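What follows is calculated from the coordinates using simple rules that are stated; it is not laboratory data. Keep in mind that this is a model prediction, so the values were computed, not measured. In this analysis, Cβ positions are derived from the backbone assuming ideal geometry, glycine residues included, and neighbour counts consider all displayed protein chains.
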Amino acid sequence: MRVLIAYATHSGATLTLAEQMDRILGDLGHDVVLTDVREDPVPAEADAAIIGSAIRVESYEKPFLQWTAAHAQELAQRPVALFSCSGSAADPAKQGRQKATDAFLREAAFTPVAVRNFPGWVLMDRIPVHERVLLRSLRTPTGDFRDLDAVAAWTREVAPLLGA
Ligand SMILES: Cc1cc2nc3c(=O)[nH]c(=O)nc-3n(C[C@H](O)[C@H](O)[C@H](O)COP(=O)(O)O)c2cc1C
């Protein structure tokens with residue numbers, strides 16, 4: 001089965017999550033294509049897709065929103081799992097909720113078979129200086145909050161839902 005993993009990242013954490021999904025699906029024997037949405041991958045060339053975006057200022061990345069809108073019909077015609085990567089997903093008080101994901105799902109023309117908000121990283125040396133000032137003013141906690149084991153477990157969980 002051919003699975004497209006399409007992601008949008010700014011500082012790289014979302015890519016590392018997507019790479020973990022790629023490894024797991026590859027180990028399960030699937031033919032995986034891992035692509036940045038800016039390369040404009042074609043969902044119709046895959047049997048299923050995992051799509052994911054970084055979150056900035058409570059929104060998915062603009063190229064992700066543009067790509068999913070442009071390919072909405074193809075995404076609606078095959079199983080799709082959705083993930084996000086953010087700083088606040090590390091906060092237990094949020095209980096896995098993410099405003100940007102809720103907003104995306106309200107507008108989306110397709111219904112994912114699975115949705116998960118994963119924590120990423122907030123690493124000052126990967127962020128342009130003007131954004132560091134913004135993050136410091138927001139008192140955003142810094143660090144690497146990724147849990148690649150949780151990403152692997154979710155990928156194994158969603159594989160059957162994708163038909164994989
Ligand atoms: C300018 C800026 C704005 C951000 N805004 C949010 C936000 O609104 N909510 C959140 O949970 N995390 C926010 N973050 C944290 C990012 O979601 C986190 O760094 C994530 O790992 C980004 O994924 P990426 O490394 O793939 O770009 C922000 C980070 C930056 C640099």
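Based on the inverse mean of 1/r over its pairs of different Cα atoms, what is the Kirkwood hydrodynamic radius of the chain, in Å?
Roughly 15.9 Å, rounded to one decimal.
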Highest-MSF residue in the chain out of PRO92, PRO112, PRO43 [GNM, Cα springs under 10 Å]: PRO92
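What net charge is computed for the residues neighbouring THR140, neighbours being all others with C-beta under 14 Å from the C-beta of THR140, Lys and Arg scored +1, Asp and Glu -1? List each step's numbers first, then the result.
Values: positive: ARG56, LYS94, ARG126, ARG132, ARG136, ARG139; negative: GLU58, ASP91, GLU131, ASP144.
Residues near THR140 contribute +2 overall.
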For the range 68-85, 3J(HN,Hα) per residue [Karplus equation, 6.51 cos²θ - 1.76 cosθ + 1.60, θ = phi - 60°, Hz, x = Gly/Pro]: 5, 5, 5, 10, 4, 5, 5, 5, 6, 8, 9, x, 10, 10, 10, 9, 10, 9
Residues with amide H under 5 Å from that of ILE50, placed H, sequence gap 5 or more: LEU4, ILE5, ALA6, ALA81
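Indicate the gyration tensor shape class of the range 5-79 (rounded, prolate or oblate), computed on the Cα atoms with a ≥ b ≥ c the square roots of the eigenvalues: a/c under 1.5 is rounded; otherwise a/b larger than b/c is prolate and the rest oblate. Working shown, then result.
Numbers: a/c = 2.24, a/b = 1.15, b/c = 1.94.
Taking the square roots of the gyration eigenvalues as a ≥ b ≥ c, the range 5-79 is oblate.
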The chain - charge dipole about Cα centre, Lys and Arg +1 at Cβ, Asp and Glu -1, debye rounded to 20: 620
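Given a Förster distance of 41 Å, report the FRET efficiency between ARG56 and LEU28 from their Cβ-Cβ distance, rounded to the nearest 0.05.
The formula returns an efficiency of 0.85 here.
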Candidates LEU123, LEU15, LEU34: whichever shows maximal mean-square fluctuation once the chain is modelled as a Gaussian network with Cα springs under 10 Å: LEU123
Using θ = phi - 60° and Karplus 6.51 cos²θ - 1.76 cosθ + 1.60, couplings along the range 39-48 (whole Hz; Gly, Pro as x): 7, 6, x, 9, x, 4, 7, 10, 7, 7
Computed helical MRE - 222 nm, the chain, DSSP H runs ≥ 4 contributing -39500 (n - 2.57), nearest 500: -10500 deg cm²/dmol
Exposure proxy order (Cβ contacts within 10 Å, fewest to most) of ASP22, ASP125: ASP125, ASP22
Residue of HIS71, HIS30, HIS130 that the Gaussian network model of the chain assigns the largest fluctuation, springs spanning Cα pairs under 10 Å: HIS130
Full-extension gain in nm, ARG2 to VAL42, via 0.36 nm per residue minus C-alpha separation: 13.2 nm
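With r defined as the distance between the Cβ atoms of ALA114 and LEU134 and R0 fixed at 22 Å, what FRET efficiency is calculated, to the nearest 0.05? Before the final figure, lay out the partial values.
Details: r = 32 Å, r/R0 = 1.45.
Efficiency computed from Cβ-Cβ geometry: 0.10.
With both partners inside the chain, how many of the DSSP beta bridges are antiparallel, as a percent to the nearest 5? Display every interim value, and only then the final one.
Details: 4 of 28 bridges.
Of the beta bridges lying entirely in the chain, close to 15 percent run antiparallel.
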